Amino acid sequence: MNFNHYIRDVENFPSEGITFKDITPLLQHEKAFKASAMALLNLVPKTPIDKVIGMESRGFFYGPLLAMELNAGFVPVRKAGKLPFEKVSQTYDLEYGTDTLEIHKDSIIEGERILIHDDVLATGGTAEAVCALVEKLGGTIVQCNFLIELEFLKGKEKLKGHEVRSLIQY
Ligand code: AMP
């Protein structure tokens, strides 16, 4: 199946000069949605995974599906101030300013094997921050897994030392 067909480019969203990769056509198509979830799963190494980490908010679409199929737990990483319990934080640079991501302290047990998932790998800042959160809690990162990689932004360079896989590349 050609998944590209179900990714919509939206020009100048959320700001001027950005081409937004809209995955809602993929999500809303019953056959393409299931096939893409299974194809993402096939990218994951056949080794035990204890937890799948999904980034707010578009990492929440496929993350729990992957966790279910891998017999793993699902852990949300959220923007600052959204998680109710004790948490650890990581601040990272954006084009203008900074942002902070958080994870619950008790969501990873030291030594657990972790799959990180998000919809899009762009500059890699978000995924790098999530890797730092996982490592602060003592998790072992098995793979950083994305639906889409924007290769021209070289996000992989920020994730050196980690296995990075994506289903669709631009
Ligand atoms: P980055 O930290 O630059 O790798 O950006 C990754 C995050 O921003 C992901 O959570 C994506 O959902 C979102 N993102 C960045 N660029 C795009 C884009 N062109 N289209 C859709 N989402 C994007």
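No value in this document is a laboratory result; all are computed from the given coordinates. This structure is a prediction, so every number in the text was calculated from the model and none was measured. For neighbour counting, all protein chains shown are included, and Cβ atoms are generated from backbone atoms with ideal geometry for every residue, glycine included.
Assorted remarks:
- GluC sites (Glu not before Pro) within region 106-170, DSSP loop, no more than 16 other Cβ atoms inside 10 Å: E110, E163
- Take every DSSP beta bridge whose two residues both sit in the chain; close to 35 percent of them are antiparallel.
- Straight-distance crosslink candidates among lysines, where the alpha carbon sits under 20 Å from K31 and sequence neighbours closer than 8 are dropped: K21
- Cut-off of 10 Å, at most 13 other beta carbons, DSSP loop: longest stretch of the chain lacking such trypsin sites (Lys or Arg not before Pro): 83-153
- Using the alpha carbons alone, the radius of gyration of region 1-60 stands to its Kirkwood radius in an Rg to Rh ratio of 1.05.
- With the charge dipole of region 46-169 set up from +1 on Lys and Arg Cβ and -1 on Asp and Glu Cβ about the Cα centre, the Cα lying farthest toward the positive end among the listed residues Y96, T126, L167 is that of L167.
- Only Lys, Arg (+1) and Asp, Glu (-1) charged, at Cβ; the chain dipole about Cα centre in debye: 360
- When region 3-53 is described by a simple charge dipole with +1 on each Lys and Arg Cβ and -1 on each Asp and Glu Cβ, the residue from I18, I7, F33 located farthest towards its positive end is F33.
- Straight-distance crosslink candidates among lysines, where the alpha carbon sits under 18 Å from K79 and sequence neighbours closer than 8 are dropped: K87, K105, K136
- Relative contact order computed over the chain (Cα-Cα under 8 Å; 6+ residues apart), in percent: 18
- Choice from S15, S57, S107 showing the highest fluctuation, given a GNM over the chain with Cα pairs closer than 10 Å: S15
- Dimensions of the chain along the principal axes, based on C-alpha atoms and rounded to the nearest Å, stand at 41, 38, 31, largest first.
- Note, ³J(HN,Hα) from phi for region 84-91, Karplus 6.51, -1.76, 1.60, rounded to Hz, x at Gly and Pro: x, 9, 5, 9, 10, 10, 9, 9
- Max mean-square fluctuation residue, GNM over the chain, Cα-Cα springs under 10 Å, options L41, L83, L65: L83
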